[in-house]
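Each value in this text was obtained by applying a stated rule to the coordinates, not by laboratory testing. All figures in this text were calculated on a predicted structure; none of them were measured in a lab. Cβ coordinates were reconstructed from backbone atoms using ideal geometry, including for glycine residues, and neighbour counts include every protein chain displayed.
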Amino acid sequence: MNPIIQNSPKDRIIFALDVEHFHEAQHWVTLLKDRVGILKVGKQLFTHSGPKIIDMISQKGQKVFLDLKYHDIPNTVAKAGEEATKHQVAMFNLHALGGFEMMKKTVEASRAVSKNLNLPKPIILAVTILTSMDGETMKEVGIQGPIVEEVGRLAVLAQKAGIDGVVASPQEIGIIRERCGEEFLIVTPGIRHPSDKKDDQKRTLTPREAIEAGADYLVIGRPIKEAKDPIEAVQKIVEDIS
Ligand code: C5P
C-alpha cells in the first residue's frame, strides 16, 4: 500500500456526491460525516453550486475530492490546479490525454502554491481512458488500443509527470500496479456487492476484491445513496475491507 495511506478502512471510502442541489449535498455530508474518508464533488454539483460546496464540506471537517477532470492547454490547467490547491481540496484530477507538459506544469504549479501559502499538498490524480469508452469509441478518436495497454501507457506517462496516481476501473488495477509500482495511488469506482444493483457499471468488484487487487481508495455512490439504510450500507463496506 502507498505510504501516503496510513488510514483506517473508512478513510479509503470516497463517497460520490452525485446530487444536483446544495441542500441535498449538505444532507449527505451531515449524514456521512466521519463515516467515510472523502466526499467527491463532480461537474454537476460544482457547476450548480460553485466553490461554496467545497467550503461547506470543509467546514464540516470533511475532505474533498474535486472531480472536474481538467483537460486544456497546460497553462490553463495549471492555473485551475492552483485554484483547487488554494481551496485546500484533498484530491483533484485531470486527463492524462492532455499530455505530459499539461500534467507536469499542473503538478509544479500546485506544489508551488502549497509551499508559498503553506497549504497542504493535494493528491493529484489522472484519468487515463474513460471507462465509458470501448474499442469502437477509442478508434473514433484515433486511439488504437487495446484499452488496458493504453491505460498502462498513460499511467506511466502520468507518473513520469509527477502525478500521484490514477482513477482506474477494477480491470485496470493489475497493469497499473505492474507498471507503476506500489507507491502509485489507484482510486477505483465500479464497486458493488453481489446483492447490489449494477446500474450502468459493467465490470464491478466487491469492496474487498478491489482492495485485494491493489486499489488504495474506492469511489462509491449509488450503493450507499440508494440503500434503504445508507449508514448500514457504509458499515457493510467498512467491514468488508477491514
Ligand atoms: O454510483 P456509483 O458507485 O456507480 O458511482 C461511481 C462514481 O464514480 C460516479 O461519480 C462516477 O462519475 C465515477 N466514475 C466512474 N467511472 C469512472 C470514473 C468515475 O463511475 N471511470
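Brief remarks follow.
- Net dipole in debye of the range 86-125 [+1 Lys, Arg Cβ; -1 Asp, Glu Cβ; about Cα centre; nearest 20]: 140 debye
- Once the Cβ-Cβ distance of Q144 and K86 is raised to the sixth power relative to R0 = 51 Å, the FRET efficiency obtained is 0.80.
- Entry note, the chain: relative contact order of 18 percent, from Cα contacts under 8 Å with a spacing of 6+ residues.
- Cβ charges +1 (Lys, Arg) and -1 (Asp, Glu), total dipole of the range 9-241, debye: 500 debye
- Pair E226, L117: separation of 7 Å Cα→Cβ label points (nm): 3.8 nm
- A straight chain from E239 to F46 at 0.36 nm per residue would run longer than the Cα-Cα distance by 66.3 nm.
- Positive minus negative residues near V113 (Lys, Arg vs Asp, Glu; Cβ under 13 Å): +3
- Signed unit charges on C-beta, dipole axis of the range 22-161, positive-most listed residue P51, N75, I143: P51
- With K and R counted +1 and D and E -1, the other residues having a Cβ less than 15 Å from that of E140 yield a net charge of -2.
- In straight-distance terms, cross-link reach from K225 covers every one of the lysines whose alpha-carbon lies under 26 Å from its own, apart from those fewer than eight places away in the same chain; here that gives K10, K33, K40, K43, K52, K60, K63, K69, K197, K198, K202, K236.
- Sequence-distant contacts, meaning Cα pairs under 8 Å at least 6 residues apart, place the relative contact order of the range 130-242 at 19 percent.
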